[in-house]
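The values are calculated or read from the model by the stated rules, or taken from the named source; none is laboratory data. Fair warning: this is a prediction, and the values are worked out from it, not measured in the lab. Counting neighbours? That spans all protein chains shown, and the Cβs are built from the backbone with ideal geometry, glycine included.
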Amino acid sequence: MSLVTEVLTPGELLELERYELITSLVVPRPIGWLSTRSADGVPNLAPYSFFNVLSVHPMLVGVSIGQKKSGMKDSLANIRELGAFCLNIVSQELIEQMNDSSASVPPEVDEFALVGLTPVDSDRVAAPFVSECKAVLECEVTQEVGLSGYNTLVVGEVVGIRLDSSLRKERGTSIIFSEDLNPVGRMGGSGYSIVDEVCRLVRPDSR
Ligand SMILES: Cc1cc2nc3c(=O)[nH]c(=O)nc-3n(C[C@H](O)[C@H](O)[C@H](O)COP(=O)(O)O)c2cc1C
């Protein structure tokens, strides 16, 4: 086994090769199912796997939004209009609807209706959430960072956390049982990861 068999220089690769490599190596990625609303009131829903937690105090999350052929993705346009979004956690039973909601459709198309989900308006932020999901982070935009000509990092502060009553917590903690949430992750290409087994290890400092 050796890591010197193939040493690649990203700057020498085609854009597609770079995308395929990085997105099949940084795996599994969490999926933020991003719901927003346009100023005209049209709900929007699309999955984003360039998504993660950035800070706990304050509670910040980040989503990196690329572009579509015709320009700005609808999620970013809506976020700029209303300054808010919800991140819905995708449980396994919603995997097909999540995947279908990534269709490139015009801004006037409501992806909730397209894939048969029910948007409910958040009472904390100016965005709808997916009422069929078991957990939702309601976010206010705090920062926007242009990463390149192509990607924009949107940072949001979580001002509300919605949890379905079916989600149990580990005894004496606020840790949600992964087995209850059953989250889907993104792998390379058309691959998704599902939770078959969770292995738990005690950290050295806690032994
Ligand atoms: C699982 C999954 C993850 C995705 N992650 C991202 C991402 O992180 N960034 C991005 O720009 N597009 C991502 N996409 C593509 C968008 O979902 C797609 O471009 C969608 O049409 C954008 O919709 P919008 O214009 O309504 O925002 C992903 C697609 C899938 C299926």
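Of the residues making up segment 48-78, those that are more than 15 Å from VAL158 (Cβ to Cβ) and touching a residue at least 60 places away in the same chain (Cβ under 8 Å) are SER49, PHE50, SER64, ILE65, GLY66, GLN67, LEU76. Among residues of segment 40-56 being within 12 Å of the ligand (Cβ to nearest atom) and within 22 Å of GLY188 (Cα to Cα), the one that is surrounded by the fewest Cβ atoms within 10 Å (Cβ to Cβ) is ASN52. Could you list, in sequence order, all residues of segment 18-39 that are within 11 Å of the ligand (Cβ to nearest atom) and either surrounded by 18 or more Cβ atoms within 10 Å (Cβ to Cβ) or in contact (Cβ under 8 Å) with a residue 24 or more places away in the chain (or both)? If the condition is that a residue be within 11 Å of the ligand (Cβ to nearest atom) and either surrounded by 18 or more Cβ atoms within 10 Å (Cβ to Cβ) or in contact (Cβ under 8 Å) with a residue 24 or more places away in the chain (or both), then THR23, PRO28, ARG29, PRO30, ILE31, GLY32, TRP33, LEU34, SER35, THR36, SER38 are the ones that fit. No other residue among LEU34, LEU45, LEU54 is more than 20 Å from VAL105 (Cα to Cα), within 16 Å of the chain's Cα centre (by Cα) and in a strand (DSSP E or B) apart from LEU54. Among the residues of segment 110-126, the ones that are crowded, with 21+ Cβ neighbours inside 10 Å and over 22 Å from SER165 (Cα atoms) come to 2 in all. Close Cβ contacts (under 9 Å, 6 or more residues apart or on different chains) running from residues in segment 165-187 that are more than 19 Å from PRO28 (Cβ to Cβ) and modelled with pLDDT of 95 or more to residues that are within 16 Å of the ligand (Cβ to nearest atom) and part of a loop (DSSP other than H, G, I, E, B) are absent. Looking only at segment 57-95, residues that are within 10 Å of the ligand (Cβ to nearest atom), within 14 Å of the chain's Cα centre (by Cα), over 21 Å from PHE112 (Cβ atoms) and not hydroxyl-bearing (Ser, Thr, Tyr) come to 1 in all. Looking at segment 72-142, the helices (runs of 4 or more DSSP H) lying wholly inside it that each contain 1 or more residues that are polar (S, T, N, Q), modelled with pLDDT of 95 or more and under 16 Å from ASN182 (Cα atoms) sit at 95-100.
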